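Visitor: Got a structure for you, written out below as structure tokens; questions coming shortly.
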Amino acid sequence: MTFQIRWHCRQGTRTADNRDHAGIGLRGNAVLAIVLDGSTSGSASGDFAREIARSMVDLFVTGTEEVT
């Protein structure tokens with residue numbers, strides 16, 4: 001099975017950095033896609049969103065349980 005994945009993100013105007021993050025994991029014939037929008041009020045929210053995305057994708061692709 002072939003997947004073509006595209007991600008486009010446009011930075012908002014309220015912060016100097018982009019706090020949005022996405023994660024995509026492929027396992028067999030299953031796909032996990034997660035999108036997280038970091039908060040404008042927390043300076044570390046982008047880092048937090050990135051870690052959530054990374055953890056979720058890692059758990060998905062290394063897992064052995066059936067995806068339902």
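The values are calculated or read from the model by the stated rules, or taken from the named source; none is laboratory data. All of these numbers come straight from a predicted model, not from anything done at the bench. When we count neighbours, we look across all protein chains shown, and the Cβ atoms used for this are built from the backbone with ideal geometry, even at glycine. Heavy atoms of the whole protein, side chains included, go into the accessibility calculation; ligands, DNA and RNA do not. Shrake-Rupley method; radii C 1.70, N 1.55, O 1.52, S 1.80 Å.
Visitor: Mind checking which of Gly46, Ala30, Cys9 is farthest towards the positive end of the chain's charge dipole, using Cβ charges of +1 (Lys, Arg) and -1 (Asp, Glu) about the Cα centre?
Guide: Cys9
Visitor: Keeping every protein chain present and rolling a 1.4 Å probe, give me the accessible area per residue for the chain in Å².
Guide: On the way: 5370 Å² over 68 residues.
Counting only protein heavy atoms, the per-residue value for the chain is 79 Å².
Visitor: Could you tell me what percent of the accessible area of the chain is made up of carbon and sulfur, with a 1.4 Å probe and every protein chain present?
Guide: On the way: 2710 of 5370 Å².
The computed percentage sits at 50.
Visitor: Turning to a different aspect of this structure: Starting from the Cα gyration tensor of the chain, take the square roots of the eigenvalues, sort them a ≥ b ≥ c, and report rounded, prolate or oblate (rounded when a/c is under 1.5, otherwise prolate if a/b is larger than b/c, else oblate).
Guide: Working: a/c = 4.07, a/b = 1.92, b/c = 2.12.
The shape class here is oblate.
Visitor: Which FRET efficiency value, to the nearest 0.05, is calculated for Glu66 and Thr2 with the Förster distance at 22 angstrom and r the Cβ-Cβ distance?
Guide: It comes out at approximately 0.45.
Visitor: Any chance you could give the angle, 0 to 90 degrees and rounded to 10, that helix 45-62 forms with the longest Cα principal axis of the chain?
Guide: Tilt relative to the chain: about 0 degrees.
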